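The values are calculated or read from the model by the stated rules, or taken from the named source; none is laboratory data. As the structure is a computational prediction, the values presented were derived from the model and not from experiment. Cβ: placed from backbone, ideal geometry, glycine included. Neighbour counts: every protein chain shown.
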């Protein structure tokens with residue numbers, strides 16, 4: 001089994017941690033339980049230099065660190081253009097089979113604009129042209145629309161997206177084999193669109209911390225090579241399951257206005273005709289509403305041979321709720337986290353596999369119960385909206401209060 005996070009950013013991308021290094025990505029990928037990472041931002045000249053200095057490529061297109069952790073060539077670009085009379089803003093992941101092809105992609109992108117100002121550069125050509133350009137370089141390059149439902153930069157986004165793959169890519173739709181679900185959507189939501197496409201999930205990690213890295217991932221059941229990963233994405237041979245953040249936890253699941261503290265479900269938004277009741281301006285329409293707009297099937301629809309998936313919220317996020325703190329980097333939170341990881345090996349092992357009776361040997365019952373509720377997809381979530389993350393809701397009986405904390409052993 002290979003659990004992969006193939007949507008990574010470097011410290012050179014906007015709004016990303018300036019401390020990110022390949023060494024730290026590897027360190028926290030191992031803690032998380034990831035087996036494969038994308039390089040992120042391979043076209044950025046300074047990051048590309050680090051990739052080539054730190055990683056060594058094998059004959060299968062896999063880049064290895066000195067401590068034997070694997071990466072594949074991956075980047076993300078932003079396209080801003082007009083099509084069918086409307087301004088479009090779409091983010092796409094690009095995967096390359098080897099360094100030689102990655103260099104050809106870099107040469108092409110460099111002919112279209114600057115590559116040194118941002119790890120996720122912006123270009124003015126269309127998604128249709130992107131496919132043509134990449135296929136002129138190599139048929140083994142894979143393009144995957146990223147966080148496909150996000151309002152502002154998703155393929156199906158309510159602000160600048162399209163209503164279908166066909167609308168976006170026209171005759172090149174046949175070369176798009178997968179879409180990336182993003183945090184605010186998951187396979188059951190996307191199945192309702194009835195698009196003939198596979199679904200993958202990755203983190204869009206803007207830092208190396210374990211609550212960002214691998215918060216979404218895809219598991220493959222194949223030998224490690226670029227060719228096998230590509231085949232799994234394209235045909236589902238060797239494709240096992242996706243790990244999805246609970247969609248309600250995503251930043252754009254519901255409609256609303258962050259500044260007005262207004263959060264609305266699709267029915268409420270329709271009654272208000274999409275207008276904020278507080279400021280009178282148009283609401284930011286979220287993913288759930290957009291799914292309802294585009295859906296060809298009712299909620300609960302499942303295709304034949306559906307993609308398997310698991311919904312999980314990262315362990316750090318669970319700890320801060322149980323211990324009633326917002327300080328995700330506090331000594332207490334890290335102490336609890338490190339104790340759990342030191343005992344059970346990796347976060348994914350804890351979230352997916354470790355038995356309750358084993359958990360309570362290491363953490364309080366309340367913590368163990370929330371880990372199991374998370375695994376069973378039974379946590380209550382106040383949905384995210386307009387750039388605000390969702391919020392886990394626990395009953396008071398599920399929170400460790402200050403008096404209880406004094407009686408707990410030190411972590």
Restricting the range 325-336 to residues that are surrounded by 15 or more Cβ atoms within 10 Å (Cβ to Cβ) and touching a residue at least 60 places away in the same chain (Cβ under 8 Å), the residue that is nearest to the chain's Cα centre (by Cα): 328
Criterion (out of contact with any strand residue (DSSP E or B) (no Cβ under 6 Å at 6 or more places or on another chain), surrounded by 15 or more Cβ atoms within 10 Å (Cβ to Cβ) and assigned by TED's automatic domain parsing to the domain that holds residue 30) met by exactly one of 79, 46, 109, 93: 109
Selection within the range 356-377 - free of Cβ contacts under 8 Å to residues at least 12 places away in the same chain and part of a helix (DSSP H, G or I): 357, 365, 373
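Looking only at residues that are outside any loop (DSSP other than H, G, I, E, B) and in contact (Cβ under 8 Å) with a residue 40 or more places away in the chain in the range 51-70, which one is nearest to residue 107 (Cα to Cα)? Full working, then the answer.
First pass over the range 51-70, keeping only residues outside any loop (DSSP other than H, G, I, E, B): 51-54, 56-57, 63-64, 70.
Next cut, in contact (Cβ under 8 Å) with a residue 40 or more places away in the chain only: 52, 57, 70.
Numbers: 52: 16, 57: 20, 70: 25 Å.
In this case the residue turns out to be 52.
Return the total of residues in the range 135-162 being in a strand (DSSP E or B) and either in contact (Cβ under 8 Å) with a residue 60 or more places away in the chain or closer than 26 Å to residue 385 by Cβ (or both).
3
What residue, among those in the range 1-12 that are over 16 Å from the mean Cα position of the chain (by Cα) and assigned to a loop (DSSP other than H, G, I, E, B), is farthest from residue 51 (Cα to Cα)?
Residues of the range 1-12 that are over 16 Å from the mean Cα position of the chain (by Cα), as a first pass: 1-2, 11-12.
Still in the running and assigned to a loop (DSSP other than H, G, I, E, B): 1, 11-12.
Numbers: 1: 25, 11: 13, 12: 13 Å.
It comes out as 1.
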Of the criteria (1) surrounded by fewer than 24 Cβ atoms within 10 Å (Cβ to Cβ); (2) at positive phi; (3) touching a helix residue (DSSP H, G or I) at 6+ places or on another chain (Cβ under 8 Å), which one residue 62 fails: (2)
